[in-house]
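**Student:** First, the structure itself, so that you have it in front of you.
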Amino acid sequence: MVKNEIIEKLIEIKNNLGKLGLEYLETQMPVALSDVGLTLRPFTGIDTAINSALKKLSEENTGSIPKANNLNRE
């Protein structure tokens, strides 16, 4: 797959994940406002991972300085 196709699919998954999270929350009603974060934690964890992957895939690395942990040490 081309990188752009992967990015598009990840964005689609992210959108569907948001809808699924809301549907799940509706099945848990009534839920205390303080428990919403705990109820949605599995969905927010996946969302955070997708955001990280999107950031890595969309970064332009041309001409950038490598991070210290990417340098080979002899």
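**Student:** Give region 23-34 a look and list any residue that's surrounded by 11 or more Cβ atoms within 10 Å (Cβ to Cβ) and in a helix (DSSP H, G or I), or say none. Break it down stepwise before answering.
**Tutor:** Filtering region 23-34 for residues surrounded by 11 or more Cβ atoms within 10 Å (Cβ to Cβ) gives 24-25, 28, 31.
Result: Tyr24, Leu25.
**Student:** Out of region 1-18, which residues are surrounded by 11 or more Cβ atoms within 10 Å (Cβ to Cβ) and either among the charged types (D, E, K, R) or in contact (Cβ under 8 Å) with a residue 60 or more places away in the chain (or both)?
**Tutor:** If the condition is that a residue be surrounded by 11 or more Cβ atoms within 10 Å (Cβ to Cβ) and either among the charged types (D, E, K, R) or in contact (Cβ under 8 Å) with a residue 60 or more places away in the chain (or both), then Glu8, Lys9, Lys14 are the ones that fit.
Just so you know, all these numbers are worked out from the coordinates, no wet-lab data involved. These numbers come from a predicted model, not from an experiment. Here Cβ is always computed from backbone atoms with ideal geometry, including for glycine, and neighbour counts include all displayed protein chains.
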